[in-house]
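The values are calculated or read from the model by the stated rules, or taken from the named source; none is laboratory data. This structure is a prediction, so every number in the text was calculated from the model and none was measured. Please note: Cβ atoms are built from the backbone with ideal geometry, for glycine as well, and neighbour counts cover all protein chains shown.
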């Protein structure tokens with residue numbers, strides 16, 4: 001992308017360190033800037049992903065709890081749940097609102113990190129800048 005190789009990425013928030021595979025928003029992006037356009041696209045995509053994971057957790061609540069099995073078996077169980085979830089999604093199977101509410105209540109019991117002390121990588125900055133330039137051009141701006 002613009003001369004920068006962009007690997008598969010995981011979208012995250014400010015609590016995580018910026019890396020080539022781990023992308024987070026720019027802090028303090030000025031409105032109507034490349035950085036703000038990147039942040040908007042990142043946020044929009046993260047919402048879609050978070051909603052999908054919300055439906056996954058609503059369907060298969062065991063994912064949200066400590067699993068009483070060996071690690072290898074827990075990985076298989078989670079993979080199976082993801083596959084079944086994707087089948088449900090492709091068949092337009094609905095998730096009951098009550099299930100989602102219960103999953104959100106369970107989710108609130110497990111605190112998530114709010115900040116990290118790990119430093120961002122130079123490669124992470126390069127990938128984020130390449131993505132920001134791409135989104136900026138897609139919005140009709142010139143570099």
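Among what's in segment 58-72 and is in a helix (DSSP H, G or I) and modelled with pLDDT of 90 or more, pick the residue that is nearest to the chain's Cα centre (by Cα).
As a first pass, look at segment 58-72 and keep what is in a helix (DSSP H, G or I): 58-59, 61-64, 71-72.
The next check asks that each one be modelled with pLDDT of 90 or more; those that pass are 58-59.
Working: 58: 17, 59: 19 Å.
Ranking the qualifying residues of segment 58-72, first place goes to 58.
Can you say whether residue 53 is over 17 Å from the mean Cα position of the chain (by Cα), in a helix (DSSP H, G or I), surrounded by 13 or more Cβ atoms within 10 Å (Cβ to Cβ) and free of Cβ contacts under 8 Å to residues at least 24 places away in the same chain, as far as the supplied structure shows?
Values: over 17 Å from the mean Cα position of the chain (by Cα): no; in a helix (DSSP H, G or I): yes; surrounded by 13 or more Cβ atoms within 10 Å (Cβ to Cβ): yes; free of Cβ contacts under 8 Å to residues at least 24 places away in the same chain: yes.
In short, no.
Taking residue 105 as meeting all but one of (1) over 18 Å from the mean Cα position of the chain (by Cα); (2) modelled with pLDDT under 90; (3) crowded, with 17+ Cβ neighbours inside 10 Å, write down the number of the exception.
Of the numbered conditions (1) over 18 Å from the mean Cα position of the chain (by Cα); (2) modelled with pLDDT under 90; (3) crowded, with 17+ Cβ neighbours inside 10 Å, the odd one out for residue 105 is (3).
If you scan segment 1-16, which residues turn out to be under 14 Å from the mean Cα position of the chain (by Cα) and at pLDDT 90 or above? I'd like the intermediate steps shown before the answer.
Restricting attention to segment 1-16, the residues satisfying the condition of being under 14 Å from the mean Cα position of the chain (by Cα) are 8-16.
Correct list: 8, 9, 10, 11.
For residue 63, only one of the following conditions fails: (1) in contact with a helix residue (DSSP H, G or I) (Cβ under 9 Å, 6 or more places away or on another chain); (2) within 24 Å of residue 125 (Cβ to Cβ); (3) surrounded by 11 or more Cβ atoms within 10 Å (Cβ to Cβ). What is its number?
All conditions are met except number (2).
Mind counting the residues in segment 2-50 that are in contact with a strand residue (DSSP E or B) (Cβ under 8 Å, 6 or more places away or on another chain), buried (at least 18 other Cβ atoms within 10 Å of the Cβ) and assigned to a helix (DSSP H, G or I)?
Residues in segment 2-50 being in contact with a strand residue (DSSP E or B) (Cβ under 8 Å, 6 or more places away or on another chain), buried (at least 18 other Cβ atoms within 10 Å of the Cβ) and assigned to a helix (DSSP H, G or I): 1 in total.
Every residue, every condition in (1) in a helix (DSSP H, G or I); (2) at pLDDT below 85; (3) closer than 30 Å to residue 1 by Cβ, yes or no:
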residue: 78; (1), (2), (3): yes, no, no
residue: 93; (1), (2), (3): no, no, no
residue: 110; (1), (2), (3): no, yes, no
residue: 127; (1), (2), (3): yes, no, yes
